[in-house]
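Trainee: Mind looking over this structure? Questions follow.
What follows draws every value from the coordinates through simple rules; no lab data is involved. Just so we're clear, the structure is a prediction, and the values are computed from it rather than from any experiment. Methodologically, a virtual Cβ is constructed for each residue, glycine included, from the backbone with ideal geometry; neighbour enumeration extends over all protein chains shown.
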Amino acid sequence: MSDITNKQFYVKRLNDFLASGNYRKTPERYKVLDVVLGFNKHFSIADITARLEQENFYLSLGTIYNTLRLFISAQIIKSIDFEGADSTQYVVIGATSNVYLFCTTCGKIKDVRDTNFITFMNTRKYTAFKTDHYSLLVYGTCNSCARKRNKSLNKKTTTKKSFK
Ligand SMILES: [Zn+2]
């Protein structure tokens, strides 16, 4: 997997894809690729815009969106869509994480590398199907939301008790 974390691997993948589809090699596409590869976790279009603006590079949302669609077709990134999430998140295919924990209370997403899950998936063989990549989307409650919930539950019980 070491070549997959290498930037050159993705640049070559984009080069090949653009060449095979007769797409133009615009500097914008390579700039967005550079930004995308700079994230070591999931990212949204807003994250990309923020990074670009930090470097005084301005692209319209439409251009960024279309570039991401192109990266998806080129199998460079994939989207992870959580039900109830504010925005679509993306991850680089071949990134170290493969499990994404979504807190349904605050919407936070945590990227996790689960080696047991990888081992399990490596044993899976599906009829007439070749697996390229996979992700596991897990819904639940993060620790800080669970603590807040417990606190408010405790408050309710103590108030009840004081009434007795
Ligand atoms: Zn939370």
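Trainee: How many nm separate the modelled label positions at D114 and K25, each set 7 Å beyond the Cα in the direction of the Cβ?
Mentor: Calculated label separation equals 4.1 nm.
Trainee: With the chain treated as a Gaussian network of Cα nodes joined by springs under 10 Å, which of N154, N15, N116 yields the largest mean-square fluctuation?
Mentor: Of the options given, N154 has the highest mean-square fluctuation.
Trainee: Taking 2.2 N^0.38 Å as the expected size of a compact globular protein, what ratio does the Cα radius of gyration of the stretch 97-164 give against it, to two decimals? Before the final figure, lay out the partial values.
Mentor: Numbers: Rg = 19.6 Å, N = 68, 2.2 N^0.38 = 10.9 Å.
Here the Cα radius of gyration is 1.79 times the empirical estimate.
Trainee: Still on this structure, please answer the following. With a 10 Å Cβ neighbour count serving as the proxy for reagent exposure, in which order, fewest first, do D111, D132, D34 appear?
Mentor: Working: D111 19, D132 9, D34 16.
Least crowded to most crowded, the residues run D132, D34, D111.
Trainee: What percent antiparallel are the DSSP beta bridges of the chain, to the nearest 5? Spell out each step's value before the answer.
Mentor: Working: 9 of 14 bridges.
Once the DSSP bridges in the chain are tallied, antiparallel ones form about 65 percent.
Trainee: How much FRET efficiency would the formula 1/(1 + (r/R0)^6) give for N154 and K41, where r is the Cβ-Cβ distance and R0 is 41 Å, rounded to 0.05? All intermediate terms of the calculation are to be shown ahead of the outcome.
Mentor: Working: r = 33 Å, r/R0 = 0.81.
For N154 and K41, the calculated efficiency is 0.80.
Trainee: Across the stretch 1-94, what fraction of all alpha-carbon pairs, as a whole percent, falls in each successive 5 Å bin from zero upward?
Mentor: 2, 13, 26, 25, 20, 10, 3, 0
Trainee: For the stretch 34-104 and the stretch 129-143, write down the distance between their C-alpha centroids in whole Å.
Mentor: 16
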